[in-house]
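Heads up, the thing below is written out as C-alpha cells.
What follows is calculated from the coordinates using simple rules that are stated; it is not laboratory data. Since we're looking at a predicted model, the values are computed, not measured. Here Cβ is always computed from backbone atoms with ideal geometry, including for glycine, and neighbour counts include all displayed protein chains.
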Amino acid sequence: MIELRDEAAFSTFRDALLFAAAVGAHFQREVPFNSAAGDPIRYETLTVPSFSEALISMIAANKVEHDPEIMDSARLEERVKIFEEYANGGLEYIQEQVNVRHQTAALVVIALVTEALSQTGVAEPVSVDELLSGVSWG
C-alpha cells in the first residue's frame, strides 16, 4: 500500500484504495478483510471527495446486480464490506504483478491503466425497446 502511494504517485491512501478496489472488481478478486490486516476502512475516510462514494456504490451494485436494495442506506455496511474485499483483492493482484513482472508498483499501475484504456469495449447504441425489454410494470 505504501508503495502505491509513494511510487505510483497516489496522493492519499484513499486514492490507492479506490484504485485497488477498481482493479479487484475488474479482475473479480475478492479477499475477505481480516482484523489481523489492520483496522477496517472508515467510510468517512473514503467519501471525500464525493466521487468515492459513487465508486463504492457502483462496485456494490455490480456485485449484487439483482438486488437494487443494496443501495439502501441501511445496507451501507454491506457496500463497504464489498468494497474492502475488492480493495484487498486488488492490492493482492497488484502485488502479484509486481512480483511476477519484477517491476515497481508505478510501472504495474501504468500497465494496468494502459490495458484498461486500450480495450475496445466501446458502448453501442441501443433502442428504448431494448432498454425496457426486461422491465415489468406490474
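Sequence-ordered 3J(HN,Hα) estimates for the stretch 98-115 from the Karplus curve with 6.51, -1.76 and 1.60 and θ = phi - 60° stand at 4, 5, 6, 7, 6, 10, 6, 4, 4, 5, 5, 4, 4, 5, 5, 5, 4, 4 Hz, glycine and proline given as x. Counting every other Cβ atom within 10 Å of each residue's Cβ, Ile56, Ile70 order from fewest to most as Ile70, Ile56. Extension gain for His66-Val100 works out to 8.6 nm (0.36 nm per residue, less the C-alpha to C-alpha distance). The order of Ile94, Ile59, going from fewest to most other C-beta atoms within 10 Å of their C-beta, is Ile59, Ile94. Stretching Ser127 away from Ile110 to a fully extended chain increases their span by 2.5 nm, per 0.36 nm per residue minus the current alpha-carbon distance.
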